[in-house]
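Structure, as structure tokens:
The values are calculated or read from the model by the stated rules, or taken from the named source; none is laboratory data. On a predicted model such as this, the values are computed, not experimentally measured, just so you know. Here the Cβ positions follow ideal geometry from the backbone for every residue, glycine too, while neighbour counts run over all protein chains shown. Side chains are part of the model used for accessible areas, which takes the heavy atoms of the whole protein and leaves out ligands, DNA and RNA. Shrake-Rupley method; radii C 1.70, N 1.55, O 1.52, S 1.80 Å.
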Amino acid sequence: MWMVRGDSGRLYEEFRDQRVVALGWIELAHVAKPGVSKDKLAEVFAARRPDLKPGSILAGASQVWRYINKVEKGDKVITYNPSARRYLVGTIEGDLTVEQNPSLPGMSLLRATRWDHEIDRDDLSVSTKNSLGSTMTFFQVPPAAAAEIFRVATGKSGPGAHNASNIPATDEESSEETDDLLQSLEAKAVEFIKDKISQLDWDEMQELVAGILRAMGYKTRVAKQGPDRGADIVASPDGLGFENPRIVVEVKHRSGSMGSKEVRSFLGGRHKDDRGLYVSTGGFSKDARYEADRASIPVTLWELDDIVRALVDYYETVDSETRRLVPLKRLYWPA
């Protein structure tokens, strides 16, 4: 089983709708043919991208080499949507094709894929979540994790891992993983913080967002349960909403993504001097983002990734009540 991350997960819907997986590295498209050597890919990549460090050149060339030469029809494949915290699980059905697909900007190395299942991250064990946390765009899923993913997706016991999962990692590949360790730890930390935040109930999520806004320097007024007319939180310099900028906040804590209808409803009745913050732990559809872009007032959309980023950035200044909702520990790493 192989993990393919499309633009850090932002191409999840495109992969699903186009029935493909794809890699970028457009600099290597013209030499991406079965049998190409890793050295040749590294040579071309270094010539095209002199700004990159040797380690990044080797890591990119190695991932492309494995994608070209090791993936076979029938192999299992998985991709991840970090906003919705869901995985697509499928089967490679096509040989490598090199083309420019307008729906997949920057992606040039495609393989036709049949997507069979969609599973929630919360349905997987901690060890499997941890094994899927690498920041690498393309990597082999460990056999034990592949077996659990297969079991969760199908409800059956089975190998889960295909032929590729039995290929031992080479020393070079292990070195690449070591070089990528810090980034991997950071990525895993973000995912585990998202797991923690997702376990909050709606009231706690509302308080978390309000706490982050207070750490940013605003005073907040949090609505009680009941009809809120699209304003769960009002943040402003004075805390009353009289002084500008007045930020009106809507918090949706659910698994489904918000669409254009919900964003339009939120915008309705907003004052021309208001600023909008729409928080959705389930993410937003493309239409919802388009609706926000064309809104008559400034609107910011926050997904889980944005919440985590803001929480980490301001964690030193958030109040004790907010810290109790999501307790974090600082990790020191050699500079």
Exercise. At what distance in nm do the modelled label points of residue 261 and residue 189 sit from each other, each positioned 7 Å from its Cα along Cα→Cβ?
Worked result: 4.1 nm
Exercise. Where a Cα-Cα gap under 22 Å defines reach, which lysines qualify for residue 129, not counting those fewer than 8 residues away within the same chain?
Worked result: 76, 156, 188, 194, 196, 329
Problem set entry | Calculated P(r) tail over 22 Å for segment 1-105, as whole % of Cα pairs | 33 percent
Exercise. By DSSP, what percent of the beta bridges with both residues in the chain are antiparallel, rounded to the nearest 5?
Worked result: 65 percent
For this session: Enter the accessible area per residue of the chain (Å², integer; probe 1.4 Å; all protein chains in place).
Result: 51 Å²
Exercise. Which cross-chain or sequence-distant (5 or more) residues have an amide H under 5 Å from the amide H of residue 252, H modelled 1.01 Å from N in plane?
Worked result: 279, 280, 281
Problem set entry | Distance between modelled label sites at residue 8 and residue 126, nm, 7 Å Cα→Cβ extension | 2.7 nm
Exercise. What's the extension gain from residue 271 to residue 53 if we count 0.36 nm per residue and subtract their Cα-Cα distance?
Worked result: 73.5 nm
Seminar exercise, completed: Counting only residues 5 or more apart in sequence or on a different chain, those whose built amide H sits under 5 Å from that of residue 2 are 76, 77, 78, 141
Exercise. Once the whole set of protein chains is in place, how much accessible area is left on residue 318, using a 1.4 Å probe, in Å² to the nearest 10?
Worked result: 10 Å²
Exercise. How large is log10 I(q)/I(0) at q = 0.14, 0.15 Å⁻¹ when the Debye formula is applied to the Cα atoms of the chain, each weighted equally and without solvent?
Worked result: -1.15, -1.24
For this session: Please list the non-local residues whose amide H lies under 5 Å from the amide H of residue 113, H modeled 1.01 Å from N, same-chain partners needing a gap of 5 or more.
Result: 20, 21, 93
Problem set entry | Under DSSP loop assignment and at most 12 Cβ neighbours within 10 Å, longest chymotrypsin sites (Phe, Trp or Tyr not before Pro)-free interval of the chain | 1-241
For this session: Tally up the carbon and sulfur contribution to the accessible surface of the chain as a whole percent, 1.4 Å probe, everything protein left in place.
Result: 50 percent
Seminar exercise, completed: Distance in nm between residue 40 and residue 103 label points, each 7 Å along Cα→Cβ, equals 3.1 nm
Exercise. Taking only C-alpha pairs under 8 Å that are 6+ residues apart, what is the relative contact order of the chain in percent?
Worked result: 14 percent
Exercise. Using 1/(1 + (r/R0)^6) with R0 = 30 angstrom and r between the beta carbons of residue 295 and residue 17, what's the FRET efficiency to the nearest 0.05?
Worked result: 0.70
